[in-house]
Amino acid sequence: MCGIVGALARRDITAVLIQGLQRLEYRGYDSAGVAVIDNKGDIQSRKTQGKVKNLELLIGAEPLSGSCGISHTRWATHGVPSEENAHPHVCNDEIALVHNGIIENHEVLRKQQLAAGHTFDSETDTEVIVHAVHDYWKDSNNLLEAVQKTIQNLEGAYALGVVETANNKRIIAARKGSPLVIGIAEGEYFIASDVFALLGEATQFIYLEDGDIADISLDGLVIYDETGRQVTRAINETELKADNIGLGRYQHYMQKEIFEQAAVIRNTFQGRIGGGRLLDSCFGEEANEAFKTIEEVQIVACGTSFHAGLVAKYWFESIAGIPCHIEVASEFRYRPHIVNQKTLFVTISQSGETADTLAALQASAELGYAHTLSICNVPESSLVRLSEWHLMTNAGPEIGVASTKAFTTQLVALLLLVVAIGRQHKINQQAETDIIRQLESLPEKVAEVLRLDKEILNVAKAFDNKHNALFLGRGEQYPVAMEGALKLKEVSYIHAEAYPAGELKHGPLALVDENMPIVAVAPNNDLLEKLKSNLQEIQARGGQLYVFADKRASFEQAEGLTIIRVSEIDDVIAPIIYTIPLQLLAYHVAVIKGTDVDQPRNLAKSVTVE
């Protein structure tokens, strides 16, 4: 979603703000802007629609400089993408503000402010915040107090960075429901919505908690909690390096991250398994004891992470012998629940900042779930900090908006959890040893399937002029088909839907003709023959089939039937492996169609608003 970068130093920080925004481009946005307080104490602001490079060109033509400033990339919610709606928003040339989140009562506040004589330059919900801050600031001449009073009237989510003309050595930062981090360097301070933005500038980081307000000056940093009490927050360091997020030899981040999967999957299980078993230290003694009492698992997630949870539901019930429920996080809070109080509540998120997933986790405490566990890729994230236990996927930074390596590492992490809980139910030592053997074979199997890249590129050419596609799978491959369809629609803008193959006769078969490509995943499992029958129904109606099939599955090329042969894969890990060729297909189709692969239109990497 939107990105915030702010800086306070004894040097010109304009380039720092722009570089920070460039590092946040992966989040998705439609406009960008910057405001600095110059040496005369005046606000200088530049804003543009489109990419950060447009902002950089504008600043090149109309330079600005200052040692205190804020910047922003906006993902449109209230108001169309435009220069007027871009942040920062400025009131009376005295207060400038950037905002991530959504203010739910903005219409009421706007009416009040219009009645009080304010004029509005934008359609955004954010502009009511800067007017409110300015009103309080006029009365007290104290920016901290003005922000404290303003947020008492806000309903919704926000991360704020605020500067004033009266002091070019001060930034006020605040957060509620939207992430914000403070970066600390020698004699300098920064704020950002993501640590990535500050790599190379800050060496230490403080993660603000909900309700926190930070008063940042060159003299130091003071943080207040939601009650107004001065508090101390932990100072952290990150293992991320600026060069970790470069493209290297790859054309796009999505491509790079697909090809990183053999390595990052190994990172996910390395140190957690050994001697044919899951190590007790994987989840810790406290969690292991609690797992003995768990009778059900509830998974909550969004998007790609939801698809990972769907695969895990099959694993929990078929392998571990324990009931598992899965729900989209955005729906979870808005209906009554009947909770078995011996249920483990599991949240899955790549970023750990997904607003709906965080809200569901917070609601879980009131609903009476026994314990909470998160599966996440960002150790400093809100989701990890709020969960009782967590398991990191260790995938490294994922920059492409369309998630790839996060999905497969989430599946690996979930399989580890299945084993840990299944030990108390259905999984015996022999079954555990077999699962661990399959896990250990994954890096080699992934490398094998990645060698299909050129063959899949040739298949992708058939999708160049297509507008719709169907993806089919059975059993635990149905969620894999869902993920394949999602990847194709995200990056190529082809409308794609997934169905359980057995559902073809219940509607989707009506769509089948020579212009409808149909993609199926066909591992050599108990459902193979039923899947073949489903595919014959398509062939009989002139459909164009592209089947990713186990070499043992006895498929033969035919008119309207293209077979991409996948190496022999064991049943448990098959969903992980069959995901990867579908990622490659989506990637190559997008490149052929010339779309923005890493930053698809209208999408954001981290969905931090509801």
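Structure shown: which of Lys256/Lys466; Lys505/Lys532; Lys149/Lys176; Lys313/Lys405 lie over 18 Å apart, alpha-carbon to alpha-carbon?
Working: Lys256/Lys466 26 Å; Lys505/Lys532 14 Å; Lys149/Lys176 14 Å; Lys313/Lys405 20 Å.
Violating the 18 Å limit, Cα to Cα: Lys256/Lys466; Lys313/Lys405.
Taking each pair of different alpha-carbon atoms in the chain once, compute 1/r for the pair, average those values, and report the inverse of that mean as the Kirkwood hydrodynamic radius in Å to one decimal.
Working: mean 1/r = 0.0392 Å⁻¹.
Its Kirkwood hydrodynamic radius stands at 25.5 Å.
Which residues' amide hydrogens lie under 5 Å from the amide hydrogen of Cys324, considering only partners 5 or more residues apart or on another chain, with H built in the peptide plane?
Residues meeting the amide H criterion: Val297.
Using label points projected 7 Å from each Cα along Cα→Cβ, tell me how many nm separate Leu218 and Glu331, to one decimal.
About 5.5 nm, to one decimal.
Rounded to the nearest 500, what is the chain's calculated 222 nm mean residue ellipticity when only DSSP H runs of at least 4 contribute -39500 (n - 2.57) each, over all residues?
Values: 18 runs with 207 residues, N = 610.
So the calculated ellipticity at 222 nm is -10500 deg cm²/dmol.
Looking at the square roots a ≥ b ≥ c of the eigenvalues of the Cα gyration tensor of region 175-268, which shape do they give, rounded for a/c under 1.5, prolate if a/b is larger than b/c, or oblate?
Numbers: a/c = 2.97, a/b = 2.14, b/c = 1.38.
Prolate, since a/c reaches 1.5 and a/b exceeds b/c.
Please give the length that would be gained between Ala510 and Leu247 if that part of the chain were fully extended, namely 0.36 nm times their separation in residues minus their C-alpha to C-alpha distance (nm, one decimal). Each step should come with its number before you reach the end.
Numbers: separation 263, 0.36 × 263 = 94.68 nm, distance 4.29 nm.
My answer for the length gained is 90.4 nm.
Beyond 17 Å, what share of the Cα-Cα pairs of region 98-140 is found? Please give it as a whole percent. Before the final figure, lay out each step's value.
Numbers: 236 of 903 pairs.
That fraction is 26 percent.
Ordered by packing density, taken as the mean number of other Cβ atoms within 10 Å over each peptide's residues, highest first, how do 433-443, 105-115 rank?
Details: 433-443: 18.5, 105-115: 14.7.
Packing order, densest peptide first, comes out as 433-443, 105-115.
Would you grab the residues whose amide H sits under 5 Å from the one on Glu83? Only those 5+ places off in sequence or on another chain, please, with H modelled 1.01 Å from N.
Correct list: Gln49.
Hey, if you put +1 on the Cβ of every Lys and Arg and -1 on every Asp and Glu Cβ in region 404-528, which of Met516, Gly422, Phe463 ends up farthest toward the positive end of that dipole?
With unit charges placed on the Cβ atoms, the residue in question is Gly422.
In whole Å, how far is the Cα centre of region 90-118 from that of region 514-570?
Cα centroid of region 90-118 versus Cα centroid of region 514-570: 57 Å apart.
If you take the square roots of the eigenvalues of the alpha-carbon gyration tensor of region 484-528 and sort them as a ≥ b ≥ c, do you get rounded (a/c under 1.5), prolate (a/b over b/c) or oblate? Working shown, then result.
On the way: a/c = 2.13, a/b = 1.27, b/c = 1.68.
The shape class here is oblate.
Starting from the amide H of His390, placed 1.01 Å from N in the peptide plane, find each other amide H under 5 Å away whose residue is 5 or more places distant or on another chain.
Here Ser374 satisfy the definition.
For region 437-534, just say rounded, prolate or oblate: build the C-alpha gyration tensor, square-root its eigenvalues into a ≥ b ≥ c, call rounded for a/c under 1.5, and beyond that prolate if a/b exceeds b/c, oblate if not. Intermediate results must be reported in sequence, preceding the final value.
Details: a/c = 2.04, a/b = 1.22, b/c = 1.68.
Since a/c reaches 1.5 but b/c is at least a/b, the shape of region 437-534 is classed as oblate.
Bear in mind that the values in this text are calculations on the coordinates, not laboratory data. The structure displayed is predicted, hence computed values, not measured ones. Reconstructed Cβ throughout: ideal geometry from the backbone, glycine too, with neighbour counts over all protein chains shown.
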